[in-house]
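Undergrad: Okay, here's the structure, questions in a sec.
The values are calculated or read from the model by the stated rules, or taken from the named source; none is laboratory data. Only a predicted model underlies this, so the values are computations on that prediction, with no experimental measurement involved. Positions of Cβ are generated from backbone atoms using ideal geometry, with glycine treated the same way; all protein chains shown enter the neighbour counts. Ligands, DNA and RNA are excluded from the accessible area calculation, which covers all protein heavy atoms including side chains. Shrake-Rupley method; radii C 1.70, N 1.55, O 1.52, S 1.80 Å.
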Amino acid sequence: MTSSDLFDLSGRIAVVTGAGSGIGRATATLLASAGAAVLCADIDEEPVKETAKIVESGGGTALARRVDVAERAEVTEMIEAASREWGRIDIACNIAGIMHQSMVVDTEEVDLDRVMAVNLKGVFFGCQEAARRMIEQRSGSIVNMVSSAIDAPAPGIVCYAMAKAAVTQLTKTLAVETGKFGVRVNAVAPGFVITGMTSRHFRLDDGSMDADRREAVVSAMAKMAPLRRVGEPDDIAGAVLYLVSDAAGFVTGQTIRVNGGVSMP
Ligand code: NAP
């Protein structure tokens, strides 16, 4: 096998959630450039249509779909839509996520519930629907997006960190349950990547960016990493491509940390 054969996704069908922005958009476009047809899903309709346009303008195949991953029926319908359009599903990337900041003692139940609904139950539904079809097919690869927060406790992100830690366990459990059917399940744990999610650190109340604050945050984050830089969405997409490709054919139940070396558990 050649290196290009190993990473070739021609003829494979992928579903990517969170595809309207950041890591999800980078993943959808990279998988499409490797040959996969990609159903791009996001809660925001216009950005996800834009992602599909980017894929198509690069010669790839994509469909755009508005989905709230916290709604089971919408996740079921998303997976069915990919099967209806292309007849199967080979790759499921559960990337959609939200952040909520509050200390444990100040956290409101409504905020805890929403983070769990999107970051944990949304991934659970995505895994469940994809795995059911992949088990029938006797093949498939699922990648869940977790975070460095699974290793390094930080103040103020308890809801997010708890959900991501739970998804790490979901990933291992599903890998154990589906391995005998030829289905692989892995996770990627990014470090700090500049995206819509992390720009909250330097976004002003009117939505504009504070350039000085951005520089200060990025350089502080970069200093914490042995590689002395923050991540780009493409850094994370590259790890997803590896995991869903034949190059990772003997890899399941793993969490790959793509974080510049910030944590090395
Ligand atoms: P992002 O740019 O905010 O992208 C996340 C996308 O998911 C957004 O388009 C978001 O829409 C969408 N989304 C939110 N709730 C959804 C829902 N219920 N159903 C469907 N889509 C929904 O953030 P990102 O940094 O690329 O994050 C992607 C993933 O990487 C997340 O799981 C995140 O936790 C993880 N991650 C990111 C970092 C980082 O440093 N950026 C680090 C570790 C892990 P809205 O914009 O409307 O919310």
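Undergrad: Among the residues of region 150-184 satisfying the criterion of being buried (at least 21 other Cβ atoms within 10 Å of the Cβ) and small (Gly, Ala, Ser), which is nearest to the ligand (Cβ to nearest atom)?
TA: Taking the candidates together, the pick is Ala163.
Undergrad: Being farther than 25 Å from Met1 by Cβ and touching a Ser or Thr at 6+ places or on another chain (Cβ under 6 Å) is the filter here; which residues of region 234-261 pass it?
TA: Residues satisfying the conditions are Thr255, Asn259.
Undergrad: Here is a further query. Please verify whether Ser263 is modelled with pLDDT under 95, within 13 Å of the ligand (Cβ to nearest atom) and small (Gly, Ala, Ser), treating the condition exactly as stated.
TA: So Ser263 fits the description; yes.
Undergrad: Does region 185-200 include one or more residues that are in contact (Cβ under 8 Å) with a residue 60 or more places away in the chain and away from the ligand (no atom under 15 Å from the Cβ)?
TA: Taking every residue of region 185-200 in turn, at least one turns out to be in contact (Cβ under 8 Å) with a residue 60 or more places away in the chain and away from the ligand (no atom under 15 Å from the Cβ).
Undergrad: Another one. I'd like to verify a number: residues in region 48-93 that are among the acidic types (Asp, Glu), within 17 Å of the chain's Cα centre (by Cα) and under 18 Å from Ser21 (Cβ atoms), how many?
TA: 1
Undergrad: Would you be able to say whether some residue in region 21-32 is in a strand (DSSP E or B) and either open to solvent by 50 Å² or more (accessible area, probe 1.4 Å) or away from the ligand (no atom under 16 Å from the Cβ) (or both)?
TA: No, that holds for no residue.
Residue-wise test of (1) without any contact (Cβ under 8 Å) to a residue 40 or more places away in the chain; (2) within 15 Å of the ligand (Cβ to nearest atom).
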position: Glu71; (1), (2): yes, yes
position: Val75; (1), (2): no, yes
position: Ile79; (1), (2): no, yes
position: Asp90; (1), (2): no, no
position: Asn94; (1), (2): no, yes
position: Gly97; (1), (2): no, yes
position: Thr107; (1), (2): no, no
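Undergrad: How about region 33-63: which of its residues are outside any helix (DSSP H, G or I) and either charged (D, E, K, R) or under 15 Å from Gly97 (Cα atoms) (or both)?
TA: Selection gives Cys40, Ala41, Asp42, Ile43, Asp44.
Undergrad: Taking the conditions exactly as written (in contact with a Leu (Cβ under 9 Å, 6 or more places away or on another chain) and in a helix (DSSP H, G or I)), does Ala216 satisfy them or not?
TA: Judged against the criteria, Ala216 is not a match.
Undergrad: Additional query: Given the options Thr76, Thr61, name the one that is within 27 Å of Tyr160 (Cβ to Cβ) and either open to solvent by 70 Å² or more (accessible area, probe 1.4 Å) or of a type in the set (Val, Ile, Thr) (or both).
TA: Unique residue meeting the criteria: Thr76.
A quick yes/no check of all residues on (1) outside any strand (DSSP E or B); (2) among the aliphatic types (A, V, I, L, M); (3) in contact (Cβ under 8 Å) with a residue 60 or more places away in the chain; (4) on the phi > 0 side of the Ramachandran plot:
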| position | (1), (2), (3), (4) |
| --- | --- |
| Asp111 | yes, no, no, no |
| Arg114 | yes, no, no, no |
| Phe125 | yes, no, no, no |
| Ile142 | no, yes, no, no |
| Ala166 | yes, yes, no, no |
| Thr171 | yes, no, yes, no |
| Gly207 | yes, no, no, yes |
